[in-house]
Each structure stands twice: as structure tokens, then as C-alpha cells.
Amino acid sequence: MSDMLKGLKGCCCSIKNDEEEYLTGSPDIVCEVLDIDDEWIKIYYTDKTGCRIVKVERTETIWGVKIFQA
């Protein structure tokens, strides 16, 4: 895994997988990276219905990341 991905912990971002799908299901929903290691990324977001969701995805599927600064 890239050292750049390891630096995402605590960042608010929009993440695409290798199938060009957003991990949150929408480009309008921003997630926060809770944790990341060599194999997995754990994110948190609130969907359009207000449900809080924690999702774990393999880092090898990450294709693109857009980081939002406060």
C-alpha cells in the first residue's frame, strides 16, 4: 500500500474503487477515514437518509481519492 494512503487517517474525502464506484455510493457523500492498514480501509459516513454507516474495504481496490480540507 502506498504511504500516501496511510496519511488519509482522519481525513474527510471521497473515495472511488477500481470499478469507479464511490465507497459511499455517491460523490456527494463525504466519508471520514477512521483507520487504514496494509490491507483494509475503514470509513465512516452518514447516508442521505441519515443512517450512520461504517464500512471496511480492501485497500487494493482503491482507485482514486479526493481529499477535502476544512
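State which residue is farthest from the chain's Cα centre (by Cα) when the search covers only segment 36-53 and only residues that are in a strand (DSSP E or B) and more than 14 Å from I15 (Cα to Cα).
So, considering only residues that are in a strand (DSSP E or B) and more than 14 Å from I15 (Cα to Cα), the one farthest from the chain's Cα centre (by Cα) is R52.
Go through segment 11-36 and count every residue that is touching a strand residue (DSSP E or B) at 6+ places or on another chain (Cβ under 7 Å), exposed (fewer than 14 other Cβ atoms within 10 Å of the Cβ) and without any contact (Cβ under 8 Å) to a residue 24 or more places away in the chain.
Selection size over segment 11-36: 1.
Among residues belonging to segment 61-70 that are of a type outside the set (A, V, I, L, M) and not in a strand (DSSP E or B), point out the one that is nearest to L5 (Cα to Cα).
T61
Could we say that E20 is over 12 Å from the mean Cα position of the chain (by Cα) and part of a loop (DSSP other than H, G, I, E, B) here?
Spelling it out, E20 is indeed over 12 Å from the mean Cα position of the chain (by Cα) and part of a loop (DSSP other than H, G, I, E, B).
Return the pairs, sorted by first residue and then second, in which the second residue is surrounded by 14 or more Cβ atoms within 10 Å (Cβ to Cβ) and among the β-branched types (V, I, T), the first residue lies in segment 37-60 and is within 16 Å of K16 (Cα to Cα) and in contact (Cβ under 8 Å) with a residue 40 or more places away in the chain, the beta carbons are less than 7 Å apart, and the residues are 6+ apart or on different chains.
E57/I41; T59/I36; T59/I41
Scan segment 37-60 for residues that are surrounded by 13 or more Cβ atoms within 10 Å (Cβ to Cβ), hydroxyl-bearing (S, T, Y) and farther than 20 Å from S2 by Cα and report the count.
Residues in segment 37-60 being surrounded by 13 or more Cβ atoms within 10 Å (Cβ to Cβ), hydroxyl-bearing (S, T, Y) and farther than 20 Å from S2 by Cα: 3 in total.
Computed from the coordinates by the stated procedures, all read-outs in this text should not be read as laboratory data. As the structure is a computational prediction, the values presented were derived from the model and not from experiment. Using ideal geometry, Cβ is built from the backbone for each residue, glycine included, and neighbour counts are taken over all protein chains shown.
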